[in-house]
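The values are calculated or read from the model by the stated rules, or taken from the named source; none is laboratory data. Quick caveat: nothing in here was measured; it's all calculated off a predicted structure. Reconstructed Cβ throughout: ideal geometry from the backbone, glycine too, with neighbour counts over all protein chains shown.
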Amino acid sequence: MNHNSPAGRSGDDEWLTSGEAAETLSVSRRTVARWAKSGRLKSIRTLGGHHRFRRADIEAAVRAKGAGQ
């Protein structure tokens, strides 16, 4: 699912929901939310209060997770 320009932000980045990020990282949505709150994952908030994650950031987290970090 592509999410372009959430919360009025500009750019051509592809954005993921918490569920999509969780699936990509093979963790629960709750874990993704905790990681976002702690700053481990960068996210923005939509006007409705939902997290959105840049696909590139999630892919980088997958690579780091695979490297044991």
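Do the conditions hold for GLU14, that is, is it without any contact (Cβ under 8 Å) to a residue 40 or more places away in the chain and of a type in the set (Asp, Glu)?
Judged against the criteria, GLU14 is not a match.
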Inset, instruction - Kindly check whether there is at least one residue in segment 13-33 that is among the polar types (S, T, N, Q), out of contact with any helix residue (DSSP H, G or I) (no Cβ under 8 Å at 6 or more places or on another chain), part of a helix (DSSP H, G or I) and at pLDDT 95 or above. - result: no
Legend entry - Qualifying residue in segment 45-52 (condition: part of a helix (DSSP H, G or I) and either at pLDDT below 95 or among the charged types (D, E, K, R) (or both)): no
